[in-house]
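K.L.:
I'd like to ask you about the structure that follows.
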Amino acid sequence: MKFTINRPAFINQLNNVLRAISSKTTIPILTGLKMVVTDHSVILTGSDADITIESTLEAADSNYGLSIEEPGAIVLPARFFNEVIKKLPDKQATIEVFNGLQVRIMSGTAEFTINGQDANNYPHLPEVESENTVELASDMLREVIDQTRIAVSKQESRPILTGIHVMLNNGILTAVATDSHRLAQRKVELPETAGLDFDIVLPGVSMTELAKMISDEKDGVKMQITENQALFIFGNTHFYSRLLEGNYPETSRLIPETSDTRLEITASDLLASIERASLLSHESRNNVVKLTVNPENKIATVSGTSADVGNVEEEINADQIVGNPLEISFNPDYMRDALKSFGQTKILISFTTALRPFTLVPTEEKANFVQLITPVRTY
């Protein structure tokens, strides 16, 4: 195996693949980067068994300045190899395998020799059928992930809740996540997918990495599903994620259909008030912020208290307040995450009682996006 490549372009692709490689894996060879060189391309693969990322660098793409002398395959120590490539002196780098599993890396006046491993010992990628293919706009997919992953559980005691429940049915894609204290649900109409349906749970960690990778992607993302894997194809990258096993709890019944008190406000305005109040709540043991709503005089107040530091109280500028008077307490960090997901839009917050979950929805598309938060009992 021997090839020469443009080093900066190579580093970009290495960084992508390294997202999937963990130093903590129980399978030693997965700490390595698999590199397969064909007559026309270099294929880089990284995996931690949960996520696998494969990038193909085509010789036909002039950005890579790729010149292939001899095909072959090797597994290299990923982090070390990446550091070597980053610190080489010249714009070009030549990589060749000699003496079986030894690898020579040359650039300018520098020359490294490192030990590789047999690529045949690297786990094979899962076969993914292409019949179940859904095409998604990359910005829409990233938004759906970002708006739901905030409610993914970080507790391994209920592994299924560490994922995002994704369903496609009758041309509607629904993504839901809950950690039992809060819930985020987003729906997107995909009329061109009529006839296709699936019901899967994607790990929140995998989807967070995917969202980062597609942030600059101009073209769409192809999503393919098998029994235990999802494959996302974009640009020159294949992103595989295992699916979580088990049945996700029924969440639609958690979202209240009626409300007794409603507050309409710009999300960013309320977010600023919550962040100010949380300066105090973060200094207290229970980390709770209180919202007092008085529809009679159209006043809503956010307050936070710390026995050690002091207290804060701020009247918020709501567009509309209707219904019954209410005093409700909640975790400000949950509220902050929910409000951030709405950006600058106007939202409607609907309450039933001080101890029942309340919902936040955009005033424009109430049916397509909802955040739900469970209040905190303070007495």
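The values are calculated or read from the model by the stated rules, or taken from the named source; none is laboratory data. As the structure is a computational prediction, the values presented were derived from the model and not from experiment. Note that we place each Cβ from the backbone using ideal geometry, even for glycine, and neighbour counts take in every protein chain shown. The protein model used for the area step is the full one, side chains on, heavy atoms only, and it has no ligands, DNA or RNA in it. Shrake-Rupley method; radii C 1.70, N 1.55, O 1.52, S 1.80 Å.
K.L.:
In µm²/s, what is D for region 212-335 at 25 °C and 0.890 mPa s, where D = kT/(6 pi eta Rh) by Stokes-Einstein and Rh is the Kirkwood radius from Cα pairs?
P.N.:
133 µm²/s
K.L.:
I need the P(r) histogram for region 174-265: all alpha carbon pairs, bin width 5 Å from 0 out to the longest distance, whole percents.
P.N.:
2, 9, 17, 20, 21, 13, 8, 6, 3, 0, 0
K.L.:
Also: Mind giving me the nanometre distance, one decimal, between the label points for E296 and E327, set 7 Å out from Cα along Cα→Cβ?
P.N.:
1.4 nm
K.L.:
In sequence order, what are the phi-derived ³J(HN,Hα) couplings for region 105-116 according to the Karplus relation 6.51 cos²θ - 1.76 cosθ + 1.60 with θ = phi - 60°, rounded to whole Hz, with x for glycine and proline?
P.N.:
Computed from phi, the couplings for region 105-116 are 10, 10, 7, x, 8, 8, 9, 10, 10, 10, 8, x Hz.
K.L.:
Further, regarding this structure: Roughly what % of Cα-Cα distances in region 97-141 sit above 12 Å, to the whole percent?
P.N.:
Roughly 77 percent, once rounded to a whole number.
K.L.:
Tell me, Kirkwood radius of region 232-292 from alpha-carbon pair distances, in Å?
P.N.:
17.0 Å
K.L.:
Given a 1.4 Å probe, how much area per residue of the chain is accessible, in Å²?
P.N.:
Using a 1.4 Å probe on heavy atoms only, each residue of the chain averages 49 Å².
K.L.:
Here's a follow-up. Do the sum for the chain: with -39,500 (n - 2.57) for every DSSP H run of n ≥ 4, divided by all residues, what is the mean residue ellipticity at 222 nm, to the nearest 500 deg cm²/dmol?
P.N.:
Only helices count here, giving -5500 deg cm²/dmol.
K.L.:
A follow-up question, please. At R0 = 25 Å, how high is the FRET efficiency between L279 and H181 if r is their beta carbon distance? Nearest 0.05 is fine.
P.N.:
0.70
K.L.:
On to the next question. How far apart, in nm, are the 7 Å Cα→Cβ label points at K24 and A60?
P.N.:
With each label point 7 Å from Cα toward Cβ, the separation is 4.2 nm.
K.L.:
Whole-Hz ³J(HN,Hα) for each residue in region 52-63, computed from phi via Karplus 6.51 cos²θ - 1.76 cosθ + 1.60 with θ = phi - 60°, x for glycine and proline: what do you get?
P.N.:
10, 10, 10, 10, 10, 9, 8, 5, 5, 8, 5, 4
K.L.:
Still on this structure: Sequence neighbours fewer than 8 away in the same chain don't count; with that in mind, list the aspartates and glutamates whose C-alpha is under 14 Å from K86.
P.N.:
Reachable aspartates and glutamates: E111.
K.L.:
Please list, in order along region 324-329, the HN-Hα scalar couplings obtained from phi with the Karplus expression 6.51 cos²θ - 1.76 cosθ + 1.60 (θ = phi - 60°), rounded to whole Hz, x for Gly and Pro.
P.N.:
8, x, 8, 10, 9, 10
K.L.:
Taking 2.2 N^0.38 Å as the expected size of a compact globular protein, what ratio does the Cα radius of gyration of the chain give against it, to two decimals?
P.N.:
Cα Rg divided by the expected 2.2 N^0.38 Å: 1.21.
K.L.:
Along its three principal axes, how long is region 121-174 when you only count alpha carbons? Whole Å, largest extent first please.
P.N.:
Between the extreme Cα coordinates on each principal axis of region 121-174 lie 37, 32, 21 Å.
K.L.:
State the percentage of accessible surface on region 74-169 attributable to carbon and sulfur atoms; use a 1.4 Å probe and exclude ligands, DNA and RNA.
P.N.:
Answer for region 74-169: carbon and sulfur cover 47 percent of the accessible area.
K.L.:
If I compute solvent accessible area with a 1.4 Å probe over the protein chains, what percent of it on region 228-316 is carbon and sulfur?
P.N.:
On region 228-316, the fraction of accessible area on carbon and sulfur atoms equals 41 percent.
K.L.:
Convert 25 °C to kelvin, take the viscosity as 0.890 mPa s, use the Kirkwood radius over C-alpha pairs of region 90-239 as Rh, and evaluate the Stokes-Einstein diffusion coefficient in µm²/s, rounded to a whole number.
P.N.:
136 µm²/s
K.L.:
Also, I was wondering about something else. Once the Cα atoms of region 305-360 are picked out, what are the Rg and Dmax in Å?
P.N.:
13.2, 36
K.L.:
To continue, here is another question. Rounded to the nearest 0.05, what FRET efficiency is calculated for E227 and L355 with R0 set to 45 Å and r the Cβ-Cβ distance?
P.N.:
0.60
K.L.:
Just tell me which lysines come within less than 17 Å, Cα to Cα, of K222; anything on the same chain fewer than 8 places away is out.
P.N.:
By straight Cα distance, K222 reaches K212.
K.L.:
What is the diffusion coefficient of region 25-76 in µm²/s, taking the Kirkwood radius over Cα pairs and the Stokes-Einstein relation at 4 °C with a viscosity of 1.567 mPa s?
P.N.:
So the translational diffusion coefficient is about 109 µm²/s.
K.L.:
What is the percent of Cα-Cα separations in region 53-137 that go past 21 Å?
P.N.:
Cα-Cα pairs in region 53-137 separated by more than 21 Å: 45 percent.
K.L.:
Within region 288-350, report the GluC sites (Glu not before Pro) that DSSP leaves as loop and that have at most 10 other Cβ atoms within 10 Å.
P.N.:
Those satisfying the criteria are E296.
K.L.:
While we're looking at this one, here's another question. Can you tell me the equivalent ellipsoid semi-axes for region 273-379? Use √(5λ) from the Cα gyration tensor, largest first, whole Å.
P.N.:
Those come to 22, 16, 13 Å.
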